[in-house]
Amino acid sequence: LPILHFEAAFCQPFPPAEERPTDDFDRLVLTFNGVEGKCFIQAGTQEGDVLVERVAQDAAKPKVESQLIGRTKKVAVNFEDNQASLSSCISERFFNRPSESDYEWKVHISDAKPIALDLNYALGDSHIDLSGLAIEQLKLHSGSANVSVLYEDGKENRTAMDTFLIKLDMGSFKASNIHLSKSENLIADVGFGTVFLDFQEAPGMKSEVTACVGVGKLEVVLPGHEIPIRINLNESPLSRFSIPKGFSQAGEN
């Protein structure tokens with residue numbers, strides 16, 4: 001499989017987050033589970049930790065459960081099987097900026113606590129706007145999905161992120177201003193489809209990125225020449241690479 005793996009210097013140090021009032025927990029773990037999930041996820045201004053609302057009237061209402069373990073609050077959102085949308089599961093929206101009406105659920109997340117986000121569903125599309133949130137970890141696994149992750153310019157992650165993982169059997173993944181995630185490890189793995197990673201405006205901080213596409217296309221937009229970057233390529237007879245000007249070969253692959 002063609003694999004792109006590189007280390008680069010991304011993101012400037014972020015000032016300490018503003019003081020937040022303490023209550024009964026310090027950290028939120030938010031998990032999505034189900035056969036299908038077509039979600040528009042973003043920061044919310046409402047009171048409460050997580051708000052799930054239906055955008056499509058025919059969407060089944062998800063079941064939300066929460067429990068407190070020590071100082072960690074765990075919230076599980078379980079999506080029910082919707083046979084009507086399962087019949088047209090593979091979306092044609094590749095790399096188009098979606099509108100909220102394209103999704104069945106809109107999920108608002110409070111920005112008051114650090115969050116670990118774990119999304120798991122067989123089918124479904126996700127538009128995830130993480131601007132201004134404090135995401136410690138993001139993991140998404142799906143059989144078939146189109147996933148876009150957005151950080152608005154200047155609204156970076158309010159905490160350091162340990163792992164940013166997107167794993168799709170089939171579909172597309174697009175990330176804009178992804179350096180604002182402040183992730184130490186970013187992994188994008190798509191079996192059949194497309195991956196687009198935009199680091200164009202990245203300033204400096206070490207980050208390690210691994211991107212793999214089994215069959216399809218991988219495109220990475222790199223920052224300017226003042227940012228040190230090392231690229232490791234796992235070449236294959238069935239793959240073709242185009243390397244930007246200004247790079248010199250240091251060894252095999």
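The values are calculated or read from the model by the stated rules, or taken from the named source; none is laboratory data. This is a predicted model, so every value here is computed, not measured. Neighbour counts run over all protein chains shown; Cβ positions are idealised from the backbone, glycine included. The protein model used for the area step is the full one, side chains on, heavy atoms only, and it has no ligands, DNA or RNA in it. Shrake-Rupley method; radii C 1.70, N 1.55, O 1.52, S 1.80 Å.
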From the square roots a ≥ b ≥ c of the eigenvalues of the alpha-carbon gyration tensor of region 119-182, which class results: rounded (a/c under 1.5), prolate (a/b over b/c), or oblate?
-> prolate
Eigenvalues of the alpha-carbon gyration tensor of region 179-253, times 5 and square-rooted, give semi-axes in Å, largest first, of 21, 17, 11
Surrounding net charge for Ser142, when Lys and Arg each add one and Asp and Glu each subtract one, Cβ distance under 14 Å = -2
Long-range HN-HN contacts of Leu165 with modeled amide H, under 5 Å | Leu138, Lys139, Leu140, Ile187
Surface accessible to a 1.4 Å probe, Leu68 within the full protein complex, Å² = 90 Å²
